[in-house]
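Visitor: A single structure is presented below for examination.
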Amino acid sequence: MKLSTKRILFSTTLARLVLYLNILGYGVAIDYVKRCKDCKIGHKNSVHKSGLAADLNIYDDHGLYLSDKHPDTFVIHSLAHTWWDENGGAKRIKNDLNHYSFKYKGMR
């Protein structure tokens, strides 16, 4: 699959995930999607550099960020990652809870 085709599919799937989380009553801010090739943040071969990853900041119905200290954080991200896996997304990366990506050239 061409990278452009995969990026379109990724974007569509990400939008559907955001809508799914909205239906559950959560707000979502999309963060760190496309990074430049020489970006020093994250893994040197990150799929963020191909435009196939996004970090999602999820907020509860009071506008509070689901940080590690929020009681719903792991439950909601688990639901989101299960949905993501079932809809073509790459498996979750341990210790990177808010990272959602498509696999590309062996990276996720």
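Visitor: Which count do you get for residues in the stretch 1-35 that are among the hydrophobic types (A, V, I, L, M, F, W, C) and within 18 Å of residue 99 (Cβ to Cβ)?
Guide: Filtering the stretch 1-35 for residues among the hydrophobic types (A, V, I, L, M, F, W, C) gives 1, 3, 8-10, 14-15, 17-19, 21, 23-24, 28-30, 33.
Next, from what is left, pick out any that are within 18 Å of residue 99 (Cβ to Cβ): 9-10, 14-15, 17-18, 21, 28-30, 33.
The total comes to 11.
Visitor: Could you check the stretch 71-96 and list, in sequence order, the residues that are in a loop (DSSP other than H, G, I, E, B) and not β-branched (Val, Ile, Thr)? Step through it out loud before you land on a result.
Guide: To start, the set of residues in the stretch 71-96 that are in a loop (DSSP other than H, G, I, E, B) comprises 71-72, 87-96.
Result: 71, 72, 87, 88, 89, 90, 91, 92, 94, 95, 96.
Visitor: Could I ask something else about it? Looking at 15, 54, can you tell me which residue is under 14 Å from the mean Cα position of the chain (by Cα), outside any helix (DSSP H, G or I), among the small types (Gly, Ala, Ser) and modelled with pLDDT of 90 or more? So that I can check it myself, show each step before the final result.
Guide: Values: 15 fails: outside any helix (DSSP H, G or I).
Answer to the check: 54.
Visitor: Can you go through 106, 89, 51 and tell me which one is more than 16 Å from residue 22 (Cβ to Cβ) and exposed (fewer than 12 other Cβ atoms within 10 Å of the Cβ)?
Guide: On the way: 89 fails: exposed (fewer than 12 other Cβ atoms within 10 Å of the Cβ); 51 fails: exposed (fewer than 12 other Cβ atoms within 10 Å of the Cβ).
Answer to the selection: 106.
Visitor: All but one of (1) loosely packed, with under 12 Cβ neighbours inside 10 Å; (2) touching a helix residue (DSSP H, G or I) at 6+ places or on another chain (Cβ under 8 Å) hold for residue 19; state the number of the condition that does not hold.
Guide: Result: residue 19 fails condition (2) only.
Visitor: Follow-up. Tell me, yes or no, whether the stretch 26-35 has at least one residue that is closer than 30 Å to residue 2 by Cβ, among the aromatic types (Phe, Trp, Tyr) and in contact with a helix residue (DSSP H, G or I) (Cβ under 9 Å, 6 or more places away or on another chain). Spell out how you get there, then give the answer.
Guide: Within the stretch 26-35, the subset closer than 30 Å to residue 2 by Cβ is 28-35.
Those left that are additionally among the aromatic types (Phe, Trp, Tyr): 32.
This time we only want the ones that are in contact with a helix residue (DSSP H, G or I) (Cβ under 9 Å, 6 or more places away or on another chain), so: 32.
Yes, the conditions are met somewhere in the stretch 26-35.
Visitor: Does residue 67 fit the bill of being without any contact (Cβ under 8 Å) to a residue 40 or more places away in the chain, touching a helix residue (DSSP H, G or I) at 6+ places or on another chain (Cβ under 8 Å) and not hydrophobic (A, V, I, L, M, F, W, C)?
Guide: Criteria met by residue 67.
Visitor: Further question on the same structure: What are the pairs with Cβ atoms under 8 angstrom where one residue, in the stretch 81-108, is closer than 24 Å to residue 4 by Cα and at pLDDT below 90 and the other, located anywhere, is in a loop (DSSP other than H, G, I, E, B) and small (Gly, Ala, Ser)? Sequence gap at least six, or different chains.
Guide: 107/46; 108/90
The values are calculated or read from the model by the stated rules, or taken from the named source; none is laboratory data. Here the structure is a predicted model, which is why all the values come from computation and not from measurement. Glycine gets a Cβ as well: all are built from the backbone with ideal geometry, and neighbour counts include every protein chain shown.
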